[in-house]
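Everything below concerns the one structure shown next.
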Amino acid sequence: MIRVLVTDDEPLIRAGIRMILSSADGMEVVAEAANGREAVDIARSQRVDVALLDIQMPVMDGLTALAELRRSAPEVRVLILTTFGERQNVLRALGAGSAGFLLKDSAPAELMRAVRAAAAGEAYLSPGATRHVVDSLASGGTADRAERARRRLEKLTVRERDVLTLLGEGLSNADAGQRIHMSEATVKTYVSRILAKLECDNRVQAALLARDAGLGT
C-alpha cells in the first residue's frame, strides 16, 4: 500500500486528489496538510511514501518544504504540484531532489501514474508536458552553457546519446523503446546509466542537458 500525503492550501483541491487516489488500488491518503510546515511535521511523525506538495502555500511554501523533507525525511518521495507559469520553480524543485512534477490540470490517471512512479523510486515526467516545460526552461540558453553541456555528454556512448535525445523530446521509456527498437526494460537500464554518468538526479535534468547540447534539434 502506497501511503500518500496531500499538501495544498485549497481544501477543494485536497479533497479532489484524495477522492482520486482513494479510488486507486494500492494507494491510501494517510494525511492532508494545508502548508509546507504541516507537511514536514506529518512526514516526520508517521510513515509517508509519497508527498504531493503545492508550490505556492502560506507559512511554508512547497520548495522550502521539499528542502526540509530531503534533510529530515529523505525516504519520502516528493512530487511537486505546478503550473506552466511556474517554470523557474519547477527547475528549482528538480534541482532540489523532487521525484518529479505534476501539472494541476492533469488527468486522474496521470496522477495515479505519477504517485506509483515516485513510490517505485522513479522520477516522473508527464510525456505530454515534458517537452513544453523543457523547451520553456531551455530557452534563452547561452553559448557557454551549450558548450558545457556538450562536454558533459562526451562520456556517453552513441546508443546512450540516442536514448538521451529521446528523453529531450519528452518520450516515456515505452515510446523511446518503440522508436529505437528496444524493450522498455532496456531503455530503463540505459536511462539509469545516463543519469549516473551525467550526475543528474532525474530525467528532466538530463532532458534539459540534452536540449542545451543541441541533441535532437
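Structure above, values below:
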{"read-out": "Hits in the stretch 195-217 - residues which are open to solvent by 10 Å² or more (accessible area, probe 1.4 Å) and in a helix (DSSP H, G or I)", "value": "LEU195, ALA196, LYS197, ARG203, GLN205, LEU208, LEU209, ARG211, ASP212, ALA213"}
{"read-out": "Residue within the stretch 42-62 that is open to solvent by less than 10 Å² (accessible area, probe 1.4 Å), closer than 23 Å to VAL204 by Cα, part of a helix (DSSP H, G or I) and out of contact with any Ser or Thr (no Cβ under 8 Å at 6 or more places or on another chain) present", "value": "no"}
{"read-out": "Some residue of the stretch 94-105 being assigned to a helix (DSSP H, G or I) and either at pLDDT 90 or above or buried (at least 18 other Cβ atoms within 10 Å of the Cβ) (or both)", "value": "yes"}
{"read-out": "Enumeration of residues in the stretch 1-28 that are part of a strand (DSSP E or B) and surrounded by 19 or more Cβ atoms within 10 Å (Cβ to Cβ)", "value": "ILE2, VAL4, LEU5, VAL6, THR7, MET27"}
{"read-out": "Every residue from the stretch 188-217 that is modelled with pLDDT of 90 or more, of a type in the set (Val, Ile, Thr) and within 21 Å of PHE101 (Cβ to Cβ)", "value": "VAL191, ILE194"}
{"read-out": "Enumeration of residues in the stretch 142-159 that are in a helix (DSSP H, G or I), in contact (Cβ under 8 Å) with a residue 12 or more places away in the chain and either open to solvent by 60 Å² or more (accessible area, probe 1.4 Å) or under 14 Å from ALA207 (Cβ atoms) (or both)", "value": "ARG145, ARG148, ALA149, ARG150, ARG152, LEU153, ARG159"}
{"read-out": "Options SER172, SER192: the member that is loosely packed, with under 14 Cβ neighbours inside 10 Å and on the phi < 0 side of the Ramachandran plot", "value": "SER192"}
{"read-out": "Within the stretch 30-41, tally of residues that are part of a strand (DSSP E or B) and surrounded by fewer than 24 Cβ atoms within 10 Å (Cβ to Cβ)", "value": "3"}
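The values are calculated or read from the model by the stated rules, or taken from the named source; none is laboratory data. What you see is a predicted model; the values in this text were computed from it and never measured. Virtual Cβ from ideal backbone geometry, glycine too; neighbours counted across all protein chains shown. Note: areas computed on protein heavy atoms with side chains; ligands, DNA, RNA excluded. Shrake-Rupley method; radii C 1.70, N 1.55, O 1.52, S 1.80 Å.
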